[in-house]
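Quick notes on the structure that follows.
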Amino acid sequence: MPTKKFGDNAPPARIKERIRDWLSRQGYPLEFRTAAEFGKAGFRVRQGEYVSDTISGKLREIDVLADAARQEIDQPVQICYIVECKWTQEKPWVIFTSTGEEMPGVTISQAIASELGRLLLWAAGGDSRLNSTRTFGGSNRHGFGGRQAFSDGADPVFSALQSVVSLAKAKADEWNKRLDYEQSLNQNLLPRVGVILLPIIVIDGRLFEARLEGSDLLLEEVRSCRVHWRGSEAWEHMATVDIVTTNYLGEFVSCRAYEANIICKALKTYYDSLRSSCEHLDLGEFEIAEGGWGFPPPLLNRLSEALEVRRGVIPPRKK
């Protein structure tokens, strides 16, 4: 005789209730709500987007991918949010924070981006227009790790941080391949667009910061928290990840939509300067903001070599 399964004769209302509860625990309604909030703020939203993992090479799904709408057709910068959604109503997240001054521009210069995006961010590392935004601006206190309360074994906070940073890096790699192809097709020195990938985690649950003051461990419930993550297998630099609760998501997204336009306009000035320098075959004309941080990205060295080849200073490399 065939095995009888739950739901064969269950009332429709009961089976729907069980399905809704299961979907909620899996985080699917949270993904829909998150996508809707980004959409309302003017972002172009996609769900079910897949990328090839940087480490394993396997396809992985991005919960929500939201692109800030480019206001101008010739805008050379695109800001993209990589969103991981986690249902954790029964077990709050606790983020460990510390107090210490950040070097100006470190959040900007180490942001995950395509090659052109990284070069523009490096050039703008000391720009007050970027440093004054919540997107890139530093704070006196930031997270460096965390745990899901009341849990043993594998920790969802660590897994989510590892996952969302890896997805952002994989998307940056995908953009590099696409833009490299377009660049070689059109025989241009510069890629057409610089893409900035900003990872965030949205949680349906409560969020706490834990920190030490003197000999006391203090706990404070917060609506969002920024983590400077140094444990990524995919990204060699510090990755900045914002963790946002659902009750703050609307305000967070509205702020980021407003700031995206400011950031794109500011970075366009550096792109225009870089493009003009390439046209004049002289990177000495490339204007860089004072107070930046970090070593020049690899693209700048390649551009310098390409310009020397065009000026006849050095021969082209043999393929």
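Only loop residues by DSSP count here, and only those with at most 10 other Cβ atoms within 10 Å; note down the GluC sites (Glu not before Pro) in region 145-243 that meet that.
Taking region 145-243 and a limit of 10 other Cβ atoms within 10 Å, the loop GluC sites (Glu not before Pro) found are GLU236.
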Region 248-319 to region 182-243: how many Å between their Cα centroids? 22 Å
Cα long-axis angle, helix 156-186 against the chain (0 to 90 degrees, to the nearest 10): 40 degrees
Whole-percent pair-distance distribution, where bins are 10 Å wide, for the alpha carbons of the chain: 5, 24, 31, 21, 11, 5, 2, 1, 0
Long-range HN-HN contacts of GLY291 with modeled amide H, under 5 Å: none
Dimensions of region 150-209 along principal axes (Cα, Å, largest first)? 57, 20, 16
Shape call for region 38-148, from the Cα gyration tensor axes a ≥ b ≥ c (a/c under 1.5 means rounded, otherwise prolate when a/b beats b/c, else oblate), comes out oblate
DSSP beta bridge pairing in the chain, given as percent antiparallel to the nearest 5: 60 percent
Label point distance in nm, PHE32-VAL313, each placed 7 Å from Cα along Cα→Cβ: 5.9 nm
Nearest 10 degrees, 0 to 90: what angle lies between the long axis of helix 246-279 and the longest principal axis of the chain (Cα atoms)? 10 degrees
Check each of the chymotrypsin sites (Phe, Trp or Tyr not before Pro) in region 146-218 and keep only those in coil by DSSP with at most 16 other C-beta atoms within 10 angstrom; list them in order. PHE150
Proximal lysine pairs, the chain, alpha carbons under 29 Å, eight or more residues apart or interchain: 28
On a 0 to 90 degree scale, rounded to 10, what angle separates helix 28-40 from the longest Cα axis of the chain? 40 degrees
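Throughout, read-outs are computed from the coordinates displayed, never taken from laboratory work. If you're wondering where the values come from, they're calculated on a predicted model, not measured in any experiment. Here Cβ is always computed from backbone atoms with ideal geometry, including for glycine, and neighbour counts include all displayed protein chains.
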